[in-house]
1. Using the charge dipole of region 195-246 (Lys, Arg: +1 at Cβ; Asp, Glu: -1 at Cβ; taken about the Cα centre), state which of V239, G201, A220 has its Cα farthest towards the positive end.
2. For region 88-246, what does the relative contact order come out to in percent, with C-alpha contacts under 8 Å and a separation of six or more?
3. I want to make sure I understand the PRE zone here: with the label point 7 angstrom from the Cα of S230 toward its beta carbon, which residues in region 1-20 have backbone N atoms less than 19 Å away?
4. Tell me, what is the 1.4 Å probe accessible area of L208, in Å² to the nearest 10?
5. Based on the mean of other Cβ atoms within 10 Å per residue, sort peptides 92-98, 23-29, 49-55 so the most packed one is first.
6. At what distance in nm do the modelled label points of A188 and A70 sit from each other, each positioned 7 Å from its Cα along Cα→Cβ?
7. Provide M160, M1, M116, M166 ordered by accessible surface of protein heavy atoms (probe 1.4 Å), highest first.
8. What number comes out for accessible area per residue over the chain if the probe is 1.4 Å? Units Å², please.
Amino acid sequence: MGRLTGRRIIVTGGASGIGRATCALFAAEGAKVAVFDRSAEAAHAVAGPLGGIAVALDVSNAQQVTAAVAEARAGLGGIDGLVNAAGIFSAAGLSDTTPDLFERTLSVNVTGTFLMVQAVAPVLLEGGGTIVNIGSGVGITPTGPGSTAYVASKGAVIAMSKAIAMELAPKVRVNVVCPGAVDTPMTASFLKRPDGSTEPGIAARYALQRAAVPEELAAAILFLTSDESSFVTGVTLPVDGGRTFH
Ligand code: NAI
């Protein structure tokens, strides 16, 4: 028996990076996954081999979220869990962040998380369930100047998740995983040197002196989705190689 046998779980941003690794691990642990992503083709490429379903949407669009959750509920035969891993990054600092960029970053990272939780919560409240939102270490402590909109969005995800954890308890557990630097398409342009090692200036921020691979995040997301974390809710869990604890 897997740790998620019989569970039906939506993973947003499931076509890439952390979401993709989460879909693979969840399927290996017996879950049926719905891969939610803005690219239908990429979502199908992940869902197909896992025996899951693919749903294309923009998580920041309320109508698309409502329709996608209804499609997943019908396709999976119910919903027991949600992982919100869809997100976009911006490195722009205060003076370079246009109002449009600020708005777009918050609309995907915060509004998208909010809309997904709001749409799935009534289903989870029927039989119980779990929600894991992906924040970021920068939402706890920024790494330095820059990323104004992104940092704002991740701080909001952490705070909002605590309020939601109170509101949906005791039937639904809500937790946040805050990754440090992870080797995914989101970070491909700055995280690694040509030899594959982590950029030294980035590695130096981490007690473990390296970036993570997506599977290391998926393992934490699995813990918070499985019954092994049955007494854990409202938690913000850094999975960050020891960047934010000191
Ligand atoms: P990624 O870029 O590899 O994957 C993100 C996925 O989200 C993509 O498949 C993309 O198509 C999807 N997506 C983006 N906007 C969307 C929208 N409006 N509607 C539907 N799908 C959308 O990124 P990665 O690295 O896997 O990031 C996953 C989460 O982890 C994000 O929330 C990110 O902010 C967070 N994170 C990542 C870190 C890293 O170092 N990679 C560090 C800290 C947090």
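The values are calculated or read from the model by the stated rules, or taken from the named source; none is laboratory data. Since this is a predicted model, take the numbers as computed values, not measurements. Counting neighbours? That spans all protein chains shown, and the Cβs are built from the backbone with ideal geometry, glycine included. Remember, those area values only see protein heavy atoms, side chains included, never the ligands or the DNA or RNA. Shrake-Rupley method; radii C 1.70, N 1.55, O 1.52, S 1.80 Å.
1. The Cα lying farthest towards the positive end belongs to G201.
2. Answer for region 88-246 is 26 percent.
3. Zone members listed by number: 1-8.
4. 110 Å²
5. In descending order of packing, they fall as 23-29, 49-55, 92-98.
6. Modelled inter-label distance: 3.6 nm.
7. From most exposed to least exposed: M1, M166, M160, M116.
8. On the way: 10950 Å² over 246 residues.
Accessible area per residue: 45 Å².
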